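What follows is calculated from the coordinates using simple rules that are stated; it is not laboratory data. Model, not experiment: these values are computed from the prediction. Every residue, glycine as well, gets a Cβ built from its backbone with ideal geometry; the counts of neighbours run over all protein chains shown.
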Amino acid sequence: MEGSSIRFHGLAILLIILQFSTYIALSLTYPPFRNQRNIEYIKTSCSTTAYPRLCYRSLSIYASKINTSPRLLIHTALNVTLKASKSTSRLMIKISRIHGLRPRVAAAMADCIEVIGDSVDELQQSIGELGHISRSNFSLTMSDVQTWVSAALTDEDTCMEGFAGNATNGYAKTMVRKRIVRIAHLTSNALALISNYASTQSNLP
């Protein structure tokens, strides 16, 4: 019985040593300061945008993916914006199918669905353009990306204008406008990050 107890305690100590060794190995492989450096990079980059808190909240969770790459930063910002835009588009389509919407609201919703669909296409175009960037076509490609993202932002502003005024008050306006404002702010932030990246070719990976 005593021998079994000794073997049990010995095994427990061995497991603790192995776990501690694994922790040390992982700490050496993925030092904490590296992720902290990535987070600080995102925070600094976001400080140049119009909505820095939203920028930081939406991108900091991807710190390990972004690292300190400006190209990955804007690629992630565009993908986050695209995901939010698609989600908003699906929500608007569902709301538009609700019976009893006032004519003014129904018309604004239909217009908004169309322009947000255009915005989604433009964001996808901008992401596609980034995939073809190189030193030889940097300026032209970044100009195209800025054009696509600017167009997406214009579409989002157009959607918000459609819900202006008291004629569209109610649940539909509250739900949609809140979502549109968010994706417009995300798009604005992405455009600011893109402009910063486009300002110098030395940022190319």
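Taking a straight Cα-Cα cut-off under 27 Å and skipping sequence neighbours fewer than 8 places away in the same chain, the lysines within cross-link reach of Lys65 are Lys43, Lys83, Lys86. Using the Cβ-Cβ distance between Thr44 and Asp121 with R0 set to 30 Å, the FRET efficiency works out to roughly 0.40.
Here the scattering of the range 31-203 is modelled by Debye summation over its C-alpha atoms, one equal scatterer each and no solvent; at q = 0.15, 0.16, 0.20 Å⁻¹ the log10 of I(q)/I(0) is -0.82, -0.90, -1.20. A full extension of the chain between Arg53 and Met175 corresponds to an added length of 41.8 nm, given 0.36 nm per residue minus the alpha carbon distance. As an exercise, identify the GluC sites (Glu not before Pro) in the range 58-155 lying in DSSP coil whose Cβ has no more than 15 other Cβ atoms within 10 Å. Those that pass, being in a loop and sparsely packed, number zero.
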